[in-house]
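Some notes on the structure that comes next.
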Amino acid sequence: MWWLALKAFLACLVLTPIFRDIFRSYGIVDQPDRRRKIHVHPIPRVGGIPILISYAIALYPFGHTPAALTNYLPLIQKLGPAATLIFATGLIDDLIGLKPWQKLIGQLGAAGLAYWAGVRVLDVAGASTGVWWGLPLTIFWLIACTNAFNLVDGLDGLAAGMGLVATLTLLAAALLHGNSALASVSVPLVGALFGFLCYNFNPATVFLGDSGAMLIGFLLGCFGAVWTQKGDALISITVPLLALAIPLLDVSLAILRRFLRNQPIFSADREHIHHRLIDRGLTPRRAVLVLYLFCATAAACALLLTLPHAGRFFGLVSLAVCGVIWVGIRQLRYAEFGLASRMLFGGELQRTLGGQMRLERLVEELGQADDEAECWRLTSAAARDFGFDSIRLSMRGSVREAMADEGSRECWSLRVPFGDGDYFELTRRFESGVLPMMVASFLDTLRRALEERLAEWDRQPVNRP
């Protein structure tokens, strides 16, 4: 079996510089931009080509083929179209560029082919997924793994090194449990990644590109799904999750960040874990080594859970992993998560919800107001609820005013016009405890509600008393 790793290593060691120099001579390189792409010189993004070829060469039956590999060849042959499609999608993106939805279509197609080939998530936490849940869960898992490695590929040697650690973890778990078939198809990837890292580790002379990163993530997702078919209950899904912990964590944080920022999920930014480590003062090489260490720690936990009678420690290991993740995320200092935490646990969310409900009630009440006096009563009461000390309302030539206490000196005032020459003017202290975002919502909501009430009166003048 280790002959497969050696073949893949030698093939990748020879092929990588050949393809690197060919693409460099034709000017097909990745240009630095000093923002997200921090490399100094243009570098080819062709790593997926030698990795795929080396993996195929290692699995090609030159002479004697291991019995375990022979038993697994039908799945490998069926998986070939899926791996080829995911590689082709990444390569096209590297060469001419694809829109996010176009890449997603390719990933969905590859995941569907893999499911048809027999790569399926059949069990989650001891519960059988069945046909209806098995298909979407398998596709979701494969797309998550594929994009996780694609997103984490931002520093020299990072994605390839993480892929190597994850592959070694699944390989070790397969060997510990006698799953020689899975070990036979994962060991060539170990050799290919070792060979590629000789040129990809800092300072890199060649990059993985989308073709390489997506291929590694997709293959590891397939290996993880195959492992769950042979594992036991909850531990079966935990091993691939821990083996791919850092890439999956990074893609999860990216989705959550962009959701909180109201940005497109597939938009690019410079807020990935490796970027944050560099912003904290680490060099690119040290940032990669730190992430290697975290990957190795997660891998050790995954292997620990595969040992006999290790299930009794599942809760303790899970708690420790969650604690490390929580501390690590706090150290990265994402502003979005700090704000979300204050809103959830600092009372801001409750106050925001309460204020929003008060605004909706104000709109409803103003919509039923019969005259200017009723509008004034509702408006002045709402102004006090939102922290304003005084209000003046000019409506249909009638001016009403409620003044603040004499002690309120440090304040600001704002006049908001509405309708045809009407306005309301508000005064508020600087130290008011009302959330600033709710103040802006109150002003805009009140303006629109008064305008709508005036327009309704104009349409039905005879109904007004």
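The values are calculated or read from the model by the stated rules, or taken from the named source; none is laboratory data. On a predicted model such as this, the values are computed, not experimentally measured, just so you know. Here the Cβ positions follow ideal geometry from the backbone for every residue, glycine too, while neighbour counts run over all protein chains shown. All accessible areas refer to the heavy atoms of the entire protein, side chains included, with ligands and DNA or RNA removed. Shrake-Rupley method; radii C 1.70, N 1.55, O 1.52, S 1.80 Å.
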- Note on the structure: Computed over the chain: longest principal axis from alpha-carbon atoms vs helix 2-25 long axis, angle to nearest 10 degrees, is 60
- Give the calculated FRET efficiency between Tyr423 and Phe140 to the nearest 0.05, with a Förster radius of 56 Å applied to their Cβ-Cβ distance. 0.55
- If you average the sequence gap of Cα pairs under 8 Å that are 6 or more apart and divide by the length of the chain, what percent do you get for the contact order? 15
- Task: Could you provide, to the nearest whole Å², the per residue accessible area of the chain with probe 1.4 Å?
- Result: 49
- Query: So what is the orientation-averaged projected area of segment 158-300, using the convex hull of its C-alpha atoms, in nm²?
  - Reply: 9.3
- Query: Within the chain, what percent of beta bridges assigned by DSSP are antiparallel, to the nearest 5?
  - Reply: 95
- Compute the length gained on full extension between Leu108 and Gln263: take 0.36 nm times their separation in residues and subtract their Cα-Cα distance, giving the result in nm to one decimal. 53.5 nm
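Let me check something: with ligands and nucleic acids excluded, how do His177, His275 order by accessible area (1.4 Å probe), largest to smallest?
My answer, sorted largest first, is His177, His275.
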- Rank-order 414-424, 153-163, 325-335 by packing density, defined as the average count of other C-beta atoms within 10 Å over each peptide's residues, highest first. 153-163, 414-424, 325-335
- Which length gain, in nm to one decimal place, applies between Arg280 and Ala340 when the Cα-Cα distance is subtracted from 0.36 nm times their residue separation? 19.4 nm
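How do the peptides 367-379, 239-251, 181-193 rank, highest first, by the average count of neighbouring beta carbon atoms within 10 Å per residue?
Numbers: 367-379: 15.9, 239-251: 24.5, 181-193: 26.2.
Those peptides, ordered most packed to least, come out 181-193, 239-251, 367-379.
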- Using a Förster distance of 30 Å, how high is the FRET efficiency between Arg330 and Leu304, based on the Cβ-Cβ distance and rounded to 0.05? 0.75
- Query: How big is the Rg/Rh ratio for the chain, C-alpha atoms only, Rh by Kirkwood, two decimals?
  - Reply: 1.16
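Total Lys pairs in the chain closer than 26 Å by alpha-carbon, pairs eight or more apart in sequence or interchain only? Could you put the intermediate results ahead of the total?
Working: Lys7/Lys78; Lys37/Lys99; Lys37/Lys103; Lys78/Lys103; Lys78/Lys230.
Pairs that pass both the separation and distance tests number 5.
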- Can you tell me the Rg and the Dmax, both Å, for the Cα atoms in segment 366-427? 11.9, 36
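When the accessible area of segment 335-394 is split by element with a 1.4 Å probe, what percent falls to carbon and sulfur? Each step should come with its number before you reach the end.
Details: 1740 of 3170 Å².
Carbon-and-sulfur percentage of accessible area, whole number: 55.
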- Of all the Cα-Cα pairs you can form in segment 283-365, what percent are over 18 Å apart? 66
- Specify which residue in the list Gly315, Leu393, Gln102 is farthest towards the positive end of the charge dipole of the chain, using unit charges on the beta carbon of Lys, Arg (+1) and Asp, Glu (-1), about the Cα centre. Gly315
- Placing +1 on each Lys and Arg Cβ and -1 on each Asp and Glu Cβ in the chain, then taking the dipole about the Cα centre, the residue among Gly195, Pro264, Met162 whose Cα reaches farthest towards the positive end is Gly195
- Query: If you line up the long axis of helix 335-345 against the longest principal axis of the chain, both from Cα atoms, how many degrees apart are they, to the nearest 10?
  - Reply: 60
- 222 nm [θ] for the chain, helices only, -39500 (n - 2.57) per DSSP H run of 4+, per residue, to 500? -23000 deg cm²/dmol
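Mind checking the full-extension length gain between Arg377 and Glu401? Use 0.36 nm per residue of separation minus the Cα-Cα distance, one decimal, nm.
On the way: separation 24, 0.36 × 24 = 8.64 nm, distance 1.07 nm.
Gain on stretching Arg377 to Glu401: 7.6 nm.
Which FRET efficiency value, to the nearest 0.05, is calculated for Trp133 and Leu6 with the Förster distance at 56 angstrom and r the Cβ-Cβ distance? Mind showing how you got there, number by number?
Working: r = 40 Å, r/R0 = 0.72.
The pair Trp133/Leu6 has a calculated efficiency of 0.90.
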- Give me the angle, in degrees from 0 to 90, between the Cα long axis of helix 100-117 and the longest principal axis of the Cα atoms of the chain, rounded to the nearest 10. 50
